[in-house]
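Read the structure below first, then the notes.
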Amino acid sequence: MTERKPQDTRERILETALDLFFERGYQGTSMREIANRLELTKASVFYHFPSKAVLLATLCEPLSDELEDVLERARTIDDVVQARRELIEGTLDVYLGHRKLLYVIFQDLTMLAHDTTFNRFLVLMQRIHDAFAGPDRDVSVRVRTVQLFAMLGDPVFLCRDIPP
């Protein structure tokens, strides 16, 4: 029988913060509450994350990295239809895998305007839209593209109770 390695404190903080952000919202959660839930000192949480914004930005890194991967995979596909399919399915898979985080972000979109991590997310989404629409896009194609990807966000809100 293999002994399970105790979870890293940094990972525990991230997991707990995401749970609290999801339950109470980003603005409604304090670093003290995160520390209390983990039975840590607030100083211990600040040792790993100097601010709540850094903590949230760290939570967002895998989301952006995975969207970058989707974009890169689509770029390697020569067939336009298959490349578009990869963009849609890949983005949806990333969204579903990060539903809690996206729910937190979408609940307070004003956070996006002030942080480079969130700006990276927005730039990635624009790049995915541009890749999907192609180089000869007119207004109609751009609007349809944006609407298509906006629909992918619906499971974030409408299927919160369904496990990933």
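Structure values in brief
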read-out	value
Enumeration of residues in the stretch 120-137 that are open to solvent by less than 80 Å² (accessible area, probe 1.4 Å) and not aliphatic (A, V, I, L, M)	121, 127, 129, 130, 132, 134
Residue among 7, 82 that is on the phi < 0 side of the Ramachandran plot, part of a helix (DSSP H, G or I) and open to solvent by 70 Å² or more (accessible area, probe 1.4 Å)	82
Pick from the stretch 138-158, criterion among the small types (Gly, Ala, Ser) and at pLDDT 85 or above, ranking: surrounded by the fewest Cβ atoms within 10 Å (Cβ to Cβ)	140
Search result, residues across the stretch 68-80 that are of a type in the set (A, V, I, L, M, F, W, C) and at pLDDT 95 or above	70, 71, 74, 77
Residue in the stretch 93-110 that is modelled with the highest pLDDT, counting only those that are open to solvent by 50 Å² or more (accessible area, probe 1.4 Å) and under 20 Å from residue 161 (Cβ atoms)	93
Extreme residue, farthest from residue 124 (Cα to Cα), among residues of the stretch 20-75 that are open to solvent by less than 80 Å² (accessible area, probe 1.4 Å) and in a loop (DSSP other than H, G, I, E, B)	40
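The values are calculated or read from the model by the stated rules, or taken from the named source; none is laboratory data. Worth saying up front: this structure is predicted, and the values here are computed from it rather than measured. We place every Cβ from the backbone using ideal geometry, glycine too, and count neighbours over all the protein chains shown. Only protein heavy atoms, including side chains, enter the accessible area calculation; ligands, DNA and RNA are left aside. Shrake-Rupley method; radii C 1.70, N 1.55, O 1.52, S 1.80 Å.
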